[in-house]
Amino acid sequence: MSDLLEELGQAVFDMDEDKTVELTEKAIDEGLEPEKILNEGLVPAMDEVGEEYESGDRYVPEMLLSAEAMKGAMQLLRPLLAESGVEPAGIVVMGTVEGDLHDIGQNLVSMMLEGAGFEVINLGPETPAEEFVEAVKENDANVLGMSALLTTTMTHMPEVIEALEEEGIRDQVKVAIGGAPVSQDFVDEIGADGYAADAAAASRLVKKLTS
Ligand code: B1M
């Protein structure tokens, strides 16, 4: 790997958004392929960030800062990747269910997924079932990710799955869920396809569901 890409990865790992953006600009100016900048500079760094978070060596705010740095770089790379015809790893529609305004966790998951090369359509908090279904249809999404932080709102998750079934598109999209009150048992109960306990696990799950 070039020294520049190594330095870029280090800037993401070090949560330094300004340096990440500056080095991404430099890499683009030097003529490096956008895909190479993403896959050899940025993504491995976010993988390492995820591993540190899972092992307890990094906390949520530090993970968010690395994700923000990654986001800054992605703003520069996204149009170039689109021009060069590089396909995203997959399309993920993400949101927090109806009646639930907690969105910190699902934003973090969305950022990790972007870091892993997925295109994420983030519907934000308080998303009704119809909106999830519409977004899946409109974007031909591979994965629908839902978040719920309240025991009173996790009950909307099976409603979204029913709405996908009613629309006849349940078999076209994998359903991944997360949030403190949900579990693998709940996945089995409602007929979802997977559960992730945190953002790093969500990234692994979505990669598995789309491979
Ligand atoms: Co609220 N809140 N809150 N809250 N809040 C909790 C969740 C609560 C556990 C606090 C408590 O009582 N101890 C409790 C829920 C109890 C329950 O139902 N079991 C609670 C409550 C009761 C409420 C209100 C009802 C309070 C009230 O008004 N009486 C109210 C709800 C209003 C509503 O939604 N309609 C409310 C409001 C709020 C704030 C607005 C103040 C704020 C939210 C701000 C925001 O999100 N924009 C807030 C916060 C911040 C919290 C706590 C403190 C932190 C949540 C958080 O952001 N964690 C929370 C207590 C706690 O968790 N310590 C609490 C950090 C985040 C990174 O983690 O969201 O778990 P988390 O996401 C993780 C994983 O869960 C997973 O990955 C993420 C990243 O690692 N994950 C996914 C999440 N979504 C995923 C989706 C996936 C995969 C993985 O899809 C594939």
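All of V12, V60, V49 fail the test of being exposed (fewer than 15 other Cβ atoms within 10 Å of the Cβ), outside the structural domain of A202 (by TED's automatic domain parsing) and not small (G, A, S), apart from V60. Selection over the range 93-110 of residues that are surrounded by 24 or more Cβ atoms within 10 Å (Cβ to Cβ) and more than 8 Å from the ligand (Cβ to nearest atom) gives a count of 4. Filtered by the rule that a residue be assigned to a helix (DSSP H, G or I) and at pLDDT below 95, the range 1-11 gives a lone residue, D3. Screening the range 132-158 for residues that are free of Cβ contacts under 8 Å to residues at least 40 places away in the same chain and either within 16 Å of the ligand (Cβ to nearest atom) or not assigned by TED's automatic domain parsing to the domain that holds A201 (or both) and picking the one that is most open to solvent (accessible area, probe 1.4 Å) gives T151. In the set (1) open to solvent by 10 Å² or more (accessible area, probe 1.4 Å); (2) closer than 25 Å to M46 by Cα; (3) not polar (S, T, N, Q), A192 fails one condition alone, (2).
On the basis of being within 16 Å of the ligand (Cβ to nearest atom), open to solvent by less than 60 Å² (accessible area, probe 1.4 Å) and on the phi < 0 side of the Ramachandran plot, does V86 make the cut? Spelling it out, it is not the case that V86 is within 16 Å of the ligand (Cβ to nearest atom), open to solvent by less than 60 Å² (accessible area, probe 1.4 Å) and on the phi < 0 side of the Ramachandran plot. Comparison of A200, A176, A196 shows that the only residue that is at pLDDT below 95, under 30 Å from R58 (Cα atoms) and within 8 Å of the ligand (Cβ to nearest atom) is A200. The condition of being over 29 Å from K36 (Cα atoms) and of a type in the set (F, W, Y) holds for only one of F118, F132, that being F132.
The values are calculated or read from the model by the stated rules, or taken from the named source; none is laboratory data. Please read these numbers as outputs of a predicted model, since none were measured by experiment. Glycine gets a Cβ as well: all are built from the backbone with ideal geometry, and neighbour counts include every protein chain shown. Side chains are part of the model used for accessible areas, which takes the heavy atoms of the whole protein and leaves out ligands, DNA and RNA. Shrake-Rupley method; radii C 1.70, N 1.55, O 1.52, S 1.80 Å.
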